[in-house]
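J.: Got a structure for you, questions after.
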Amino acid sequence: MKIISKTVLFFCLAFIAPSLHAKENHRNIKSVKVEEGEGKMPAIRLINNADGTCTFEKGYIPTLRHASTTTFWSSNKTEDWEKNAHPAPRRQYVVTLKGNIRFKVSDGSTFLIKPGVILLAEDLKGKGHSWEMVHSKSWERLYIPIQDGADDLFVSDH
């Protein structure tokens, strides 16, 4: 019985006491300071040229800014037609959660999207873009459509 009592006491001291101390510390927090300055998430935007071809530009999306969106959905499946050249079906953010994807635009230029880089698909006309998985078996992503006429928040590096 003494062994069980000592075990219970040890458990309380080792696991519960630090938890109580952490809760006490959280009660003492009066406010949380939001990071100052503008944070950035790397982004690449697909756009149409005047002749309907597709190109891309590198830049970023500022953090802590509200985008005008109303819905999103996820996908981890791909169909063969998606890998062939196609325009974006709508203005949307595509956020990669898992996988490395090489995109190709009309002039043959390519870029790599990996987790942490936001793709902004705005190439709504013409042949559009194509893509392939690179050293990945699946592409897990979120599609987040941008409301018509809303700012996409993209800031170009140029």
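Coordinate-derived values only; no laboratory data. No experiment lies behind these values; they were computed from the predicted model shown. In this analysis, Cβ positions are derived from the backbone assuming ideal geometry, glycine residues included, and neighbour counts consider all displayed protein chains.
J.: Please list 67-74, 81-88, 96-103 highest first by mean number of surrounding beta-carbon atoms within 10 Å per residue.
T.: Numbers: 67-74: 10.8, 81-88: 14.0, 96-103: 17.0.
Averaged packing, sorted descending, gives the order 96-103, 81-88, 67-74.
J.: Toward the positive end of the charge dipole of region 30-158, about the Cα centre and with charges on Cβ (Lys, Arg +1; Asp, Glu -1), which of THR71, SER106, THR53 goes farthest?
T.: Ranked along the dipole, the leading option is THR71.
J.: Something else: Which order, highest average first, do 126-137, 110-121 follow once you tally other Cβ atoms within 10 Å for each residue and take the mean per peptide?
T.: By packing density, highest mean first, the sequence is 110-121, 126-137.
J.: Any idea what the dipole of region 93-132 comes to, in debye rounded to 20, about its Cα centre with Lys/Arg Cβ at +1 and Asp/Glu Cβ at -1?
T.: Details: 6 positive and 4 negative charges, 25 e Å.
It comes to approximately 120 debye.
J.: So, one more: Once the other residues with Cβ under 12 Å from the Cβ of SER75 are scored (Lys, Arg +1; Asp, Glu -1), what is the net sum? Each step should come with its number before you reach the end.
T.: Working: positive: LYS77, LYS98, ARG141; negative: GLU79, GLU82, GLU140.
Result for the neighbourhood of SER75: 0.
J.: Per the Kirkwood treatment, what hydrodynamic radius in Å, one decimal, follows for region 93-153 from the mean inverse distance over all distinct Cα pairs?
T.: 12.6 Å
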